[in-house]
Amino acid sequence: MKPSTRKRWIIYVVVFFVILFGNSLVRRMLPYEELKDGNLLINGIFSLLLTAVIVAIGYAVRKWRGKRG
């Protein structure tokens, strides 16, 4: 694996954990009782989906820049 690819995946893992922490923190601070669940599975899946969207956007931007230049 190239160093740039490895660095990119490390950034994506860090982004996943930041989203997971932020999502858990926001859910605990909400005043609504039905959203205050501390379910790690639900928070993890939501964070994974959001991280997948970020990865897809990054991939699309890299492909677009490569074809343009």
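Computed from the coordinates by the stated procedures, all read-outs in this text should not be read as laboratory data. Quantities reported herein were computed from a predicted structural model and do not represent experimental measurements. With ideal geometry, Cβ positions are generated from the backbone for all residues, glycine too; neighbour counts draw on all protein chains shown.
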Revision key, fill the gap. Reported set for the stretch 18-40 where residues are in a helix (DSSP H, G or I) and among the polar types (S, T, N, Q) is Asn23, Ser24
Review point. If the Cβ limit is 8 Å and pairs must be 6+ apart or interchain, which residue in the stretch 22-48 that is free of Cβ contacts under 8 Å to residues at least 40 places away in the same chain and at negative phi pairs with which residue that is of a type outside the set (A, V, I, L, M) and surrounded by fewer than 10 Cβ atoms within 10 Å (Cβ to Cβ)?
Key: Ser24/Gly38; Arg27/Gly38; Arg28/Gly38
**Study point:** Hits in the stretch 4-36 (condition: under 10 Å from the mean Cα position of the chain (by Cα) and basic (Lys, Arg))
**Key:** none
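The rows are residues; the columns are (1) closer than 27 Å to Arg62 by Cα; (2) surrounded by 13 or more Cβ atoms within 10 Å (Cβ to Cβ).
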site: Lys2; (1), (2): yes, no
site: Arg8; (1), (2): yes, yes
site: Val15; (1), (2): yes, yes
site: Ser24; (1), (2): no, yes
site: Arg28; (1), (2): no, no
site: Glu33; (1), (2): no, no
site: Leu40; (1), (2): no, no
site: Gly44; (1), (2): yes, yes
site: Ser47; (1), (2): yes, yes
Check your understanding: What are the residues in the stretch 50-60 that are surrounded by 11 or more Cβ atoms within 10 Å (Cβ to Cβ) and either in contact with a Lys or Arg (Cβ under 6 Å, 6 or more places away or on another chain) or not hydroxyl-bearing (Ser, Thr, Tyr) (or both), if any?
Key -> Leu50, Ala52, Ile54, Val55, Gly58
